[in-house]
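J.: Quick one: the structure is below, questions incoming.
The values are calculated or read from the model by the stated rules, or taken from the named source; none is laboratory data. In this text, all values refer to a predicted model and were calculated from it rather than measured experimentally. Cβ: placed from backbone, ideal geometry, glycine included. Neighbour counts: every protein chain shown.
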Ligand SMILES: Cc1cc2nc3c(=O)[nH]c(=O)nc-3n(C[C@H](O)[C@H](O)[C@H](O)COP(=O)(O)OP(=O)(O)OC[C@H]3O[C@@H](n4cnc5c(N)ncnc54)[C@H](O)[C@@H]3O)c2cc1C
């Protein structure tokens, strides 16, 4: 790595994390809590110089991820309201169908006393994660990582603010377009869905009673997710061109288009936030680890939001990697050594591939108008609905509680 002539600081860290999104901060907090005070964790991200954006983004947090957040004291610190999802119904309809029959309904989590998931505002989550990480002694560097060079015993990381960090492990949590992944020469399998997800907050006259709905419309899934108060968040999939046209419409015309999909079951609706369109793609890294480097979150995999699982999958990476690092460090061994990293990779690879291809397959199966496919999927959904063990399996899978479940996802401290 070329040294900058102006480089003036040299610091040491056991683990350096690139990216202060949910994945990077959750890993920092997990390691900080488990290994303080003799283990130094540094998170680097230019975004740390400002408060997390108030951008109306929300996420459905599944059971496993919620348990991790509770164990780290993050859940208890959420400032804004948290809305439980008590029921989830799925329909397969055409746009102008007056009635949308329910083909599949989930009312229970694997623990019948628990909601299926909780809706949380991304901003609240980031604020609580930052506090939890800092309280556990994690160091924040408000600067992007420009480059790194892995050596036999350590990895040298260079920041945009000219700080150089000598670390035993570098974690790429720098999002779907990960610069670190590219710099490590890790290839990806990826494709573009040629779809965008339109996200907006909607107010409605009647209470949703904690019910989430996913309508499989010909252009793609249209999800209605309950928020606290008489509000819901929508994730509305359309082709890129159609989504761009829709978000640019005058408010009254957007309202009309929305009402055709949202319906009037919850009474009169009102668009409460400016609709935004996010381009959707699929990316999966061919390796989740390199020389003194581990990939987590969207840096390792970007999936379709059809099942609201992207961030949850990232938190599952966090739980597995934190456990591998903590076990290794407690034995006095090197957390960046190949043994620790290959354990992490083996742990996460299968689960990630399963979820990534399941969401991809669902999107392909449902984002079309073919009569034959409609019959096939409706029969399939009807069968799942009538087979409790199969339904239970899907619920457990979505909760992140299948296979060898890491401690933090079980709600146990590291
Ligand atoms: C429309 C839509 C709806 C979704 N809904 C859900 C949902 O309901 N549930 C769910 O589980 N998931 C959902 N997701 C997916 C979820 O938003 C992502 O999976 C998640 O935000 C990824 O988090 P991350 O921390 O891995 O990455 P990011 O949030 O992308 O964070 C990456 C961070 O890295 C920083 N960074 C970038 N480059 C560098 C660098 N060189 N050095 C240092 N820092 C750097 C960035 O500033 C950023 O802060 C949805 C996605 C979309 C598009």
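J.: Can you tell me which residues in segment 165-188 are buried (at least 20 other Cβ atoms within 10 Å of the Cβ), over 15 Å from residue 296 (Cβ atoms) and within 12 Å of the ligand (Cβ to nearest atom)?
T.: 165
J.: I need a count of the residues in segment 17-42 that are in contact with a strand residue (DSSP E or B) (Cβ under 6 Å, 6 or more places away or on another chain) and near the ligand (Cβ under 8 Å from one of its atoms).
T.: Here the count works out to 3.
J.: Does at least one position in segment 212-224 carry a residue that is surrounded by fewer than 22 Cβ atoms within 10 Å (Cβ to Cβ), outside the structural domain of residue 19 (by TED's automatic domain parsing) and farther than 30 Å from residue 353 by Cα?
T.: no
J.: Tally the residues that are farther than 18 Å from residue 151 by Cα and not in a strand (DSSP E or B), restricting the search to segment 273-296.
T.: Counting residues in segment 273-296 that are farther than 18 Å from residue 151 by Cα and not in a strand (DSSP E or B) gives 7.
J.: Right, another one. Only residues that are within 24 Å of residue 245 (Cβ to Cβ) and within 15 Å of the ligand (Cβ to nearest atom): list them for segment 189-201, please.
T.: The answer is 192, 193, 194, 195, 196, 197, 198, 199, 200, 201.
J.: Just give me the residues in segment 43-54 being within 7 Å of the ligand (Cβ to nearest atom) and in a loop (DSSP other than H, G, I, E, B), in sequence order.
T.: Residue satisfying the conditions is 45 alone.
J.: In addition: If I ask for residues that are at pLDDT below 90, in a loop (DSSP other than H, G, I, E, B), touching a helix residue (DSSP H, G or I) at 6+ places or on another chain (Cβ under 8 Å) and more than 15 Å from the ligand (Cβ to nearest atom), which ones from segment 55-102 would you list?
T.: Those that are at pLDDT below 90, in a loop (DSSP other than H, G, I, E, B), touching a helix residue (DSSP H, G or I) at 6+ places or on another chain (Cβ under 8 Å) and more than 15 Å from the ligand (Cβ to nearest atom): 80, 95, 96.
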